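Rule-based calculations on the coordinates, nothing more; no lab input. Worth saying up front: this structure is predicted, and the values here are computed from it rather than measured. No Cβ is skipped: glycine too gets one built from the backbone with ideal geometry, and neighbour counts run over all protein chains shown.
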Amino acid sequence: MKSWIFTFCFVLTGLCSKVIAQEIDVKLGPNEIGENQAWTITITVSNERLQSYDDFPDIEGFQKRGTSSSSSTQIINGQISSSQSITMTYVPQRQGQVNVPAFTMTVNGKKISSPGTTVKVGAPVQRQRSRDPFRSLFDRDPFDDFGGRGETEFIDIDEDAFLALTTNKKEIYVGEGVTATLSFFVAESNRAPLQFYELGKQLSGILKDLRPENCWEENFNIENINGESVEINRKRYTQYKIYQGAFYPLNAENINFPQVGLEMIKYKVARNPSFFGQNRQEDFKTFYSKPKTVKVKQLPPHPLKDQVAVGDYHLSEEINLTETETGQSFSYQFGIYGEGNVSAVNKPMIDSDDNFDFYEPNITQNINRRGGRVTGSKSFSYYGIPKEPGEYKLGDYFQWVFFNPNNGKYDTLKSEKILRVTGESKKNESIQSNDLGSFYDDIEFADNTLESLDNDVWIQLLANLLILGMLVTSAVIFLKK
């Protein structure tokens, strides 16, 4: 009876996890069977939980009949050993030889191989009914599954499980993050055998429908699906997180998560299970989540409300020196860290003047996604050159405004560093040359002011008379010749 009970377990497939000190064995059925007998492949994992396994091979001449599972634990001289097995049952389609080719399967992330074999299928085996201590319990011949007197009757057990999309907030501001989690929940009281089916392929299609278009997404990249015990309405469940991501709305439109469906393998179980026959039959059922809406609010009025980041942020700053001279460069790092959409953090505003030259910063970013939260840091490394001596509060130059949704207020991160500068002024320093260069180089220095000619009338008259006299003298000399 114990082997039958162990078929009512929730089996995770297609998932990889790290296996430590485990043994995995593959066992093939006998080399000779009757046409009315079953042939099996059994995978056994010792001293570790059976967490994942590939599909069993398809064999020409055999037809898959279904899988069954079992588990055992032994305590010998205080030493505990355990094993879990999954068995695929095949039934022959004809008499003759069936070639079972070599095959490889991945079990718990580890590849195991079998060289294959040849199975001789003979005439149906005549069985003699014998007294069976379990006969009264099952009221059937366990070999009837394979061409005997009766067919196994399978029944559908009501499952105590559901698919749900949950969010950590019901209402957020524009730019504020909300974490959405898609999970499959199985009650501890559940007795229906369930199994994931092509989860990776299904998830790709689910996320196309699930992801809102008006949001920036930070995916938590769930790689291993492990069950976690939770309590819902005073009832214990195992939660299997399938997807988790943080969404940051880019505008004031509400975030609408639609209904999505996840197809699961749900096995029907034999009404009268036996130790020898097929005890469950594969079937499918799709579980649907409920649609969900997260309300998005506008940020309060502010001159920079369309530019500021939203989150709970703090300042970390570093400067390589606090005393320097004019013309000597220094480095300053303005670091922002906290919870929020770190990717959307912009560089701080710099109030520039004639006292400094600041160059474009080098940017370093780190993002952490864990525990349903997105945290991280973004650093802006500047080089500056002071041009005037004096004592300067860098807070007058480096400021960063953000909106904190925790208190619903705008806040400013402001440098607290002080830089003392000595030396001569470099503000008006320029290189000049006494040589003004060519004509074109002198144009900017020439006086182009218009002056009146009224004061020079007599000068003009004398010049004209002088020119006239020179012309008359030239004409007389020419005539004498």
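Read phi for every residue in the stretch 461-469 and hand back ³J(HN,Hα) as whole Hz from Karplus 6.51 cos²θ - 1.76 cosθ + 1.60, θ = phi - 60°, with x for Gly and Pro.
Running phi through 6.51 cos²θ - 1.76 cosθ + 1.60 with θ = phi - 60° gives 5, 4, 5, 5, 4, 5, 5, 4, x Hz.
Work the Kirkwood hydrodynamic radius out for the stretch 374-426: mean of 1/r over every pair of different alpha-carbon atoms, inverted, in Å. Don't skip to the answer; put the middle values down first.
On the way: mean 1/r = 0.0725 Å⁻¹.
Evaluated on the stretch 374-426, it is 13.8 Å.
Per 0.36 nm of contour for each residue apart, how much would the distance between LEU465 and MET349 grow if the chain were fully extended, relative to their Cα-Cα spacing?
Values: separation 116, 0.36 × 116 = 41.76 nm, distance 7.40 nm.
Full-extension gain reported as 34.4 nm.
LEU321: net charge of surrounding residues, Cβ under 12 Å, Lys/Arg +1, Asp/Glu -1, itself excluded?
Numbers: positive: LYS417, ARG420; negative: GLU318, GLU323, GLU325.
Net local charge, LEU321 excluded: -1.
Once both labels are modelled 7 Å past Cα along the beta-carbon direction, what's the ASP283-LYS111 spacing in nm?
It works out to 3.8 nm between the two label points.
Hey, rough spin-label estimate for ILE265 and ILE157, points 7 angstrom out along Cα→Cβ, what's it come to in nanometres?
Placing both labels 7 Å along Cα→Cβ, they lie 1.6 nm apart.
Mind checking the dipole of the stretch 210-281: about its Cα centre, +1 per Lys or Arg Cβ, -1 per Asp or Glu Cβ, Debye to the nearest 20?
Numbers: 9 positive and 8 negative charges, 168 e Å.
The dipole of the stretch 210-281 has a size of about 800 debye.
Please compare each pair in LYS169/LYS285; LYS111/LYS285; LYS241/LYS292; LYS201/LYS285; LYS169/LYS347; LYS201/LYS241 to a cut-off of 19 Å on the Cα-Cα distance and tell me which ones are over it. Please list the in-between numbers first.
Working: LYS169/LYS285 30 Å; LYS111/LYS285 30 Å; LYS241/LYS292 17 Å; LYS201/LYS285 16 Å; LYS169/LYS347 29 Å; LYS201/LYS241 16 Å.
Too far apart for the 19 Å limit: LYS169/LYS285; LYS111/LYS285; LYS169/LYS347.
For LYS426, give me every one of the lysines with a C-alpha distance below 23 angstrom, ignoring sequence neighbours fewer than eight places off in its own chain.
Excluding near neighbours in sequence, the set is LYS387, LYS393, LYS417.
Pairs LYS305/LYS414; LYS110/LYS208; LYS110/LYS290: which exceed 26 Å Cα-Cα? Kindly include the intermediate steps, with their values, before the conclusion.
On the way: LYS305/LYS414 18 Å; LYS110/LYS208 31 Å; LYS110/LYS290 37 Å.
Check vs 26 Å cut-off fails for LYS110/LYS208; LYS110/LYS290.
Arranged from highest to lowest average of other beta-carbon atoms within 10 Å per residue, in what order do the peptides 394-400, 171-177 appear?
Put in order of decreasing packing, that is 171-177, 394-400.
Please give the contour-minus-distance gain from GLN63 to ILE222: 0.36 nm per residue of separation, less the Cα-Cα distance, rounded to one decimal in nm. Each step should come with its number before you reach the end.
Numbers: separation 159, 0.36 × 159 = 57.24 nm, distance 3.59 nm.
Length gained between GLN63 and ILE222: 53.7 nm.
On a full-extension model of 0.36 nm per residue, what is the gain between GLU391 and LYS305, subtracting their alpha-carbon distance, rounded to one decimal in nm? All intermediate terms of the calculation are to be shown ahead of the outcome.
Working: separation 86, 0.36 × 86 = 30.96 nm, distance 3.29 nm.
Answer, rounded to one decimal: 27.7 nm.
With a point put 7 Å past each Cα toward its Cβ, work out how far THR42 is from LYS170 in nm, to one decimal.
About 5.4 nm, to one decimal.
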